[in-house]
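Asks: First the structure, then my questions, so here it is.
The values are calculated or read from the model by the stated rules, or taken from the named source; none is laboratory data. None of these values were measured; they are calculated from a predicted model. Neighbour counts are summed over all protein chains in view; Cβ atoms, including those assigned to glycine, are modelled from backbone coordinates with ideal geometry.
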Amino acid sequence: MILSDLIHKKVLDAEGTVVGNLVDVRFVIDGAPGQLLASARLHGIIVSRGTASTFLGYERNSANSPFILAKFLEWRHRGSFLVRWRDIAMIDDAVHLRASFQRLSPNLPQNRS
Amino acid sequence: MKKLLGLALGILTAIGGFLDIGDLVTNGVVGSRFGLTLGWVVLVGVVGICLFAQMSGRVAAVSGRATFEIIRERLGARASMANLGASFIVNLMTLTAEIGGIALSLQLASSISPMLWMPVAAVAVWIVVWRVKFSIMENVTGLLGLTLIVFAVAVFLLHPNWLDLGSQLLGQAPKQSSESPATYWYYAIALFGAAMTPYEVFFFSSGAVEEKWTVKDLAQSRMNVLVGFPLGGILSIAIAACATIVLLPKNIAVTSLSEIALPIAQAGGKIALIIVLLGFVAATFGAALETTLSSGYTLAQYFGWSWGKFRRPARAARFHLTMIIALIIGLAVLATGVDPIAVTEFSVVFSAIALPLTYLPILIVANDPQYMGKFVNGKATNFFGMIYLVIILVASLAAIPLMIVTGAGA
């Protein structure tokens, strides 16, 4: 599976109601150690309700200026959430979530480096 | 001298934006029809391009990434493809016009038909792009382009009625002028679009990477912007002023490059004419180099090919191949006998798509602390950046309707 297969797919909960569109995926770098970095592991998917557009980098808590632009994009993506990969039951034409899935904040915490 | 050469990138970039063949003629047309009543647009455009070129230069110096790499990364494949398509067409049209412009300038100097000069011009541009070091290229064309300052000198030599010129700058329409508001605003947007053409930031930021600017060169980047673009703006107003003083009262319509040179001949005679012809050749040649390189830069940066004149051509093969193909297409278009200046007329339409999609990502990345560390935009820059984003959006939306209503300013 490649990323293009996933992006823009509908996301359904366990009852089959549409909860939004898949707009992005999130990786964490904590896999097996590699030469430069540890290898990446798929952490979850970003589901957006209203819009298919990207966050343009404003999903990070550290990105908040220009103020008006940041607020506008926050408004465009209101109601977006992160679902962990293990909460996904099946992927066919749409992404089916398990009944127990949690809506997590899509924001990325401050970069610690 | 060394300081002056350090500013060559900014000067060359500004020449390509403000004084390329399309703009030389447009400025003359505007001056001969509207007087200096559109002078404020040039001012608005200069401030805008300074603002965003400074951001793109800073991003390039701090992160080492040129503008189209940023666009590709932030907007994603689809939206940046829309930008690439529009920008590339603007580039190609301007490049075509410039090759024709070099030929027209050389015709004025030599009386040899432009059709014969065109292949010579294209080959000359290619040789410079292929062989000449970036720094030598920018220094020579930047310095020779400065000869166009003769337009500013000519304004004084023509002893104009300063009161008239001043009141026109403040919006008082000249007595002889009878133009409709739609035409006025069409030219306003054309001038604004010319001042902010996207290839300026593509070229400026890629040039900064070619010159290997780092954080240490931020002051130099700022000086380049603050000298180059205002100079371009002043010269473009000076061209309009010369046309206003000499051509407007006599109802002489500007249709080609030779009418632009008329006021210069009247003001300074043969020597001034020689200088201005040299300036025409240098400016069109500089603009041809800028647009040729920009076509290579944008395509290579979108697709992630290796690019840059600092690499040997074999190490950036696709980058160089793109530019060769662009030059061949330009020559082929010119071979049909089309008027080179008319080619640029429709670039306004494509600029309307490219402008917002170019300047939004620059503003976003210039604010990104992960890229920029402590060199992110200040509050004032962001304030004006947002205002300009709105102006750009309004101009983009208005461009195509106005073009249709006025028949491209006829």
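Asks: Can you go through B:108, B:75 and tell me which one is within 14 Å of another protein chain (Cβ to nearest Cβ) and either over 18 Å from residue B:204 (Cα atoms) or part of a loop (DSSP other than H, G, I, E, B) (or both)?
Replies: Answer to the check: B:75.
Asks: Would you mind telling me which numbered condition in (1) within 14 Å of chain B (Cβ to nearest Cβ); (2) among the hydrophobic types (A, V, I, L, M, F, W, C); (3) surrounded by fewer than 16 Cβ atoms within 10 Å (Cβ to Cβ) residue A:73 fails?
Replies: If we test residue A:73 against (1) within 14 Å of chain B (Cβ to nearest Cβ); (2) among the hydrophobic types (A, V, I, L, M, F, W, C); (3) surrounded by fewer than 16 Cβ atoms within 10 Å (Cβ to Cβ), just (3) comes out false.
To keep it simple, each residue is scored yes or no on (1) surrounded by 24 or more Cβ atoms within 10 Å (Cβ to Cβ); (2) away from chain A (no Cβ under 14 Å).
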residue	(1), (2)
B:12	yes, yes
B:15	yes, yes
B:24	yes, yes
B:50	no, yes
B:63	no, no
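Asks: Only one of these is buried (at least 24 other Cβ atoms within 10 Å of the Cβ) and either of a type in the set (Asp, Glu) or closer than 18 Å to residue B:194 by Cα (or both): B:28, B:57, B:35. Name it.
Replies: B:28
Asks: For the range A:41-61: of the residues being of a type in the set (Gly, Ala, Ser), closer than 15 Å to residue A:107 by Cα and in contact with a strand residue (DSSP E or B) (Cβ under 8 Å, 6 or more places away or on another chain), which is nearest to the other protein chains (Cβ to nearest Cβ)?
Replies: Here the residue is A:48.
Asks: Just for helices (runs of 4 or more DSSP H) wholly inside the range B:177-260: which have at least 1 residues that are modelled with pLDDT of 95 or more?
Replies: The helices (runs of 4 or more DSSP H) meeting that bar are B:198-210, B:218-246.
Asks: Under the condition of being farther than 20 Å from residue A:57 by Cα and small (Gly, Ala, Ser), which residue from the range B:337-366 is farthest from the other protein chains (Cβ to nearest Cβ)?
Replies: B:337
Asks: Answer yes or no: is there a residue in the range B:377-386 that is among the basic types (Lys, Arg), under 30 Å from residue A:72 (Cα atoms), within 12 Å of chain A (Cβ to nearest Cβ) and without any contact (Cβ under 8 Å) to a residue 12 or more places away in the chain.
Replies: yes
Asks: What's the number of the only condition in (1) crowded, with 20+ Cβ neighbours inside 10 Å; (2) of a type outside the set (Asp, Glu); (3) within 14 Å of chain A (Cβ to nearest Cβ) that residue B:393 fails to meet?
Replies: (1)
Asks: Would you check if residue B:369 is more than 24 Å from residue B:14 (Cα to Cα), away from chain A (no Cβ under 14 Å), out of contact with any Cys (no Cβ under 7 Å at 6 or more places or on another chain) and not aliphatic (A, V, I, L, M)?
Replies: Taking the combined requirement at face value, the residue does not satisfy it.
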